[in-house]
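Everything on this sheet refers to the single structure shown next.
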Amino acid sequence: MSVSKSATNEAVNRIAGNIFGVLPLLRKRLLHIDALQAEHGIPLSHVQVLSMLADSGSMSVSEISKRLGIAKPNITPLVDRLIEIGLVERKRDTVDRRVVNVEILDEGRKKLAAIHETIAEQVSEWSVGVAESDYAALADALQTITRVLSAGADDEQDGILEI
């Protein structure tokens, strides 16, 4: 099934028009980042690394850098901090000893579970009064956003942020 050029252009324009409206709402309503960071004592970038490691088991610093779109020299201190607080460790790859992977530890999984619980509480608080069908549609939409934006993400070479 092919999509007409006009339908594609219409979708592109709708997406472009909604991006700037949704970003502050995500930060303000969906996820209270400042409160989350204060409660758990860990920046969002660290949570993102823990989440990726929980999904994949282990990754090299280069893989983490590529997926987050943050330059490798900026990932190393982040990983060092996670090691320092006992949430991850570095391990040599069993196949290629030259490769050093970062693996999540049980404490990292516990921290991630606690953060997930806090996020779930935040979502529950703001969702009072939201129709169940809208709530389900939002969950589906977020899943679709993740799926669509993840497609080909491993192939991206540009867009690395220098922070």
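Values quoted throughout were computed directly from the atomic coordinates according to the rules given, and no laboratory measurement underlies them. None of the values given here were measured: they were computed from a predicted structure. We place every Cβ from the backbone using ideal geometry, glycine too, and count neighbours over all the protein chains shown.
One table, with the values for the structure above:
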item: Helix-only [θ]222 nm of the chain, DSSP H runs n ≥ 4, -39500 (n - 2.57) each, per residue, nearest 500; result: -20500 deg cm²/dmol
item: Estimated FRET transfer efficiency when R0 is 41 angstrom, pair ALA71-GLU10 (beta carbons, to 0.05); result: 0.65
item: Calculated diffusion of the range 7-155, Stokes-Einstein form, Kirkwood radius summed over Cα pairs, 25 °C and 0.890 mPa s, µm²/s; result: 140 µm²/s
item: Degrees between helix 44-56 axis and first principal axis of the chain (Cα, 0 to 90, nearest 10); result: 80 degrees
item: Segments 20-31, 108-119 sorted - mean Cβ within 10 Å per residue, highest first; result: 108-119, 20-31
item: On Cα atoms only, tilt of 106-126 relative to the major axis of the chain in degrees; result: 20 degrees
item: C-alpha long axis of helix 132-150 to longest principal axis of the chain, angle in °; result: 60 degrees
